[in-house]
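For reference, the structure discussed in these notes is given below.
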Amino acid sequence: RLIKDLILNFFSKMMLRPIDFYFESLEEPSRSCMHALRQYLLHFSPSLEEAWKYRMPVYMYKGKMFCYLWTRKHGRQPYLGIVKGLELKYPELIQEERKRMKIFLVNPDADLPALKIKELLIAAMALYPCAILFLIYMRKK
């Protein structure tokens, strides 16, 4: 029984969840950039939850889709997709052919623009009525 438990434990650690496999399957420098974006989002708010939906990493806020991470088809450039991006007026956000979402392109060869990402996330979170307390907390930081 002990040996069986050890073997199961070993193989369960070897098997990646689909979301982890997605991040690990990216090529450098996109992989490092996407890992940094992922960590930034996971530490941005305790209310953001990571999920694997539509075969991509999605970040939920209070059960609602908030943002997602993906790479462009051409050039594999990482980006942060803002679900309610259409309601935000930032020149750095690109709509292209999306109906309600906009994206923020991230240069994988440069430092993560953390202040700009924080600004965008706070503005996007303000579009969710249940985010008032979090926004008050963030303004004090």
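The values are calculated or read from the model by the stated rules, or taken from the named source; none is laboratory data. Please read all numbers here as calculations on a predicted model, not as lab measurements. Virtual Cβ from ideal backbone geometry, glycine too; neighbours counted across all protein chains shown. Side chains are part of the model used for accessible areas, which takes the heavy atoms of the whole protein and leaves out ligands, DNA and RNA. Shrake-Rupley method; radii C 1.70, N 1.55, O 1.52, S 1.80 Å.
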Per-selection Kirkwood Rh - the stretch 51-121 (Cα, Å, 1 d.p.): 12.7
Gain on full stretching of the segment that runs from residue 74 to residue 96 - 0.36 nm per residue minus C-alpha separation: 6.5 nm
Amide H partners (placed H, <5 Å) of residue 102, local residues excluded: 82, 85, 86
Å² of accessible area per residue within the stretch 11-120, as computed with a 1.4 Å probe and no ligands counted: 61
Probe 1.4 Å - accessible area at residue 34, Å² to nearest ten: 0
Inter-label distance, nm, simple model (7 Å from Cα along the C-beta direction), residue 54/residue 111: 3.2
Pairwise label distance in nanometres, residue 65 with residue 39, each label 7 Å out on the Cα-Cβ vector: 2.8
The stretch 22-141 - percent of accessible surface contributed by carbon and sulfur, probe 1.4 Å: 55
Alpha carbon centroid spacing (whole Å) that separates the stretch 46-77 from the stretch 16-42: 11
Residue-count net charge about residue 93 - beta-carbon cut-off 13 Å; Lys, Arg +1, Asp, Glu -1: +2
